1. Can you name the number of the only condition in (1) surrounded by 13 or more Cβ atoms within 10 Å (Cβ to Cβ); (2) more than 13 Å from the chain's Cα centre (by Cα); (3) over 18 Å from residue 69 (Cβ atoms) that residue 130 fails?
2. Please state which one of 126, 50, 92, 122 is closer than 16 Å to residue 146 by Cα and aromatic (Phe, Trp, Tyr).
3. Taking only segment 20-53 into account, find how many residues are part of a loop (DSSP other than H, G, I, E, B) and modelled with pLDDT of 85 or more.
Amino acid sequence: MRKSTLITIILLGLFTLSGCSLFEGINSIGSVTLPEGQFSILNVTAGATFPEACEMATGTTCYQAMDGEEILILTLEMTGVNEPASEIRVHFIDDAYNATITDSQGNTFIAAGADQLEGNQFYLVFYILDNSHGLSLHWLDNEPISLQP
């Protein structure tokens, strides 16, 4: 195993344990154009649950990673609007299932969920392997976006 690969795996493991952002201090990781408009990717976070400390039995939306997995959460902001119309949310969720993440080992991960957070912010959730590295987002006709710092 190459030293850079090992460092990436160790860093991903640390971020998974702490639930920290993989892009601390970066204003925007990239942007995607969807039929609804332009979205900037503000944050990429890895963790074991989303929302943090949720419980599956509560009946609310809860994503929990199984052994060998972690959850990757992308936070996006729709640009050019303060409060998108409710139909934007529906179309964003539909478009989310066209989003995939690939890793450098050739694995492809399909979006597991999406929704609006508040205002013009949205999220995408992916289940990835906990040893995945070299992650890239692929979404509709947009160029791939590297999700590694």
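The values are calculated or read from the model by the stated rules, or taken from the named source; none is laboratory data. Since we're looking at a predicted model, the values are computed, not measured. We place every Cβ from the backbone using ideal geometry, glycine too, and count neighbours over all the protein chains shown.
1. Going through the list (1) surrounded by 13 or more Cβ atoms within 10 Å (Cβ to Cβ); (2) more than 13 Å from the chain's Cα centre (by Cα); (3) over 18 Å from residue 69 (Cβ atoms), residue 130 breaks only (3).
2. Numbers: 50 fails: closer than 16 Å to residue 146 by Cα; 92 fails: closer than 16 Å to residue 146 by Cα; 122 fails: closer than 16 Å to residue 146 by Cα.
That would be 126, the only listed residue that is closer than 16 Å to residue 146 by Cα and aromatic (Phe, Trp, Tyr).
3. Applying the first criterion (part of a loop (DSSP other than H, G, I, E, B)) to segment 20-53 yields 20, 22-29, 35-36, 48, 51-53.
Checking the rest, the ones that are also modelled with pLDDT of 85 or more come to 29, 35-36, 48, 51.
Summing the residues that are part of a loop (DSSP other than H, G, I, E, B) and modelled with pLDDT of 85 or more in segment 20-53 gives 5.
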